[in-house]
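*Asks:* Attaching a single structure in structure tokens format; questions to follow.
Nothing in this text is a laboratory measurement; each read-out follows from the coordinates by a stated rule. None of these values were measured; they are calculated from a predicted model. So basically every Cβ, Gly included, is an ideal-geometry build from the backbone, and we count neighbours across all protein chains shown.
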Amino acid sequence: MATKDFAEGAVQRMKDFRAELDNLARRGPSKDLLRQIIGMAPEQGAQLADTLASSIKDSLKPLNTLQSQISKESTALGKTSADVPYDARKTRPAPFKTAVSSTRCRRTAATAISPAAPASYGPPSN
């Protein structure tokens, strides 16, 4: 029965969360702020949505501005995080580049010896 009670509670939390989101959406939060609250899931998001919905509409303006800044910085951080590992390859020391070249040579040599054999990424096995 505990599982059934848990499931029923989860359904009720989702219904409450949806109602809080609907109520908050009428107050004028930005889409970014709504997405952030939705991402919190029913347990935490419902509390924040309720708090924000009960606040004065003018208090949402600074929150919308801050959420916009968070979104811009998050996007910039994501781009930097994606680019940094690739840019780091350009500045790697020469010994690593030599090791990579030597691996390519082994693959090329293995293919030349037996074109039907798959090229391996490691040293040739004996």
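*Asks:* Could you check the simple spin-label distance between residue 26 and residue 6, using points 7 Å along Cα→Cβ, in nm with one decimal?
*Replies:* Rounded to a tenth, the inter-label distance reads 3.5 nm.
*Asks:* Can I ask one more? Per residue of the range 32-38, what does 6.51 cos²θ - 1.76 cosθ + 1.60 with θ = phi - 60° give for ³J(HN,Hα)? Whole Hz please, x for Gly and Pro, Karplus curve as stated.
*Replies:* 4, 5, 4, 4, 4, 5, 4
*Asks:* About the Cα centre, and with charges only on the beta carbon of Lys, Arg (+1) and Asp, Glu (-1), how big is the dipole of the range 11-75? Nearest 20 debye, please.
*Replies:* 200
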